[in-house]
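Engineer: My questions will all concern the structure given below.
The values are calculated or read from the model by the stated rules, or taken from the named source; none is laboratory data. Being a predicted model, the structure only gives us computed values, none of them experimental. Positions of Cβ are generated from backbone atoms using ideal geometry, with glycine treated the same way; all protein chains shown enter the neighbour counts.
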Amino acid sequence: MGWTWGARAWRAASFEAPFWFDGKSINEALFCDDFFSRHRLVYINGAFFTPDGRVTDELALRGEIFEELRCCAVSNIPRKISNILELMKLAARVEDLPPEQDRIHVANGTIFQGSLKSILITVL
């Protein structure tokens, strides 16, 4: 019985694997490093934060991880995503958010350093 050209073989032949995938398994720590190199995330007080603010929907983050794993993961994808998310929490954990020197966050937006001067002149 001969070998047939299946979907998996086609995918392997036409696919350049990311460095965190060795052809059989996903190295979760390397995946996290790669993900963090493209996404600025920190984890503090039980939540992820980006430069734009708190990540309120962890499902969206799971979806992004899934899209990146889709090419390599074959089985137990939800568990793999959960494992990666837990590892990301450990890797991105910080004690306190670093302050941004050029802005002030207020309840209804952000005041940037240059815009504060023009606001004060307008009010006075």
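Engineer: On the basis of being within 13 Å of the chain's Cα centre (by Cα) and without any contact (Cβ under 8 Å) to a residue 24 or more places away in the chain, does Leu59 make the cut?
Structural biologist: yes
Engineer: May I pose another question? Determine which single condition Arg62 fails, assuming it passes every other condition in (1) touching a helix residue (DSSP H, G or I) at 6+ places or on another chain (Cβ under 6 Å); (2) among the basic types (Lys, Arg); (3) exposed (fewer than 12 other Cβ atoms within 10 Å of the Cβ).
Structural biologist: Failing condition for Arg62: (3).
Engineer: Considering the stretch 69-124 alone, what residues qualify as being modelled with pLDDT of 75 or more, outside any strand (DSSP E or B), loosely packed, with under 13 Cβ neighbours inside 10 Å and among the small types (Gly, Ala, Ser)?
Structural biologist: Correct list: Ser75, Ala107.
Engineer: Right, another one. Considering only the stretch 27-37, I want to know if a residue exists there that is part of a loop (DSSP other than H, G, I, E, B), loosely packed, with under 11 Cβ neighbours inside 10 Å, modelled with pLDDT of 80 or more and not hydroxyl-bearing (Ser, Thr, Tyr).
Structural biologist: Within the stretch 27-37 (the criterion being part of a loop (DSSP other than H, G, I, E, B), loosely packed, with under 11 Cβ neighbours inside 10 Å, modelled with pLDDT of 80 or more and not hydroxyl-bearing (Ser, Thr, Tyr)), the answer is no, since none of the residues qualifies.
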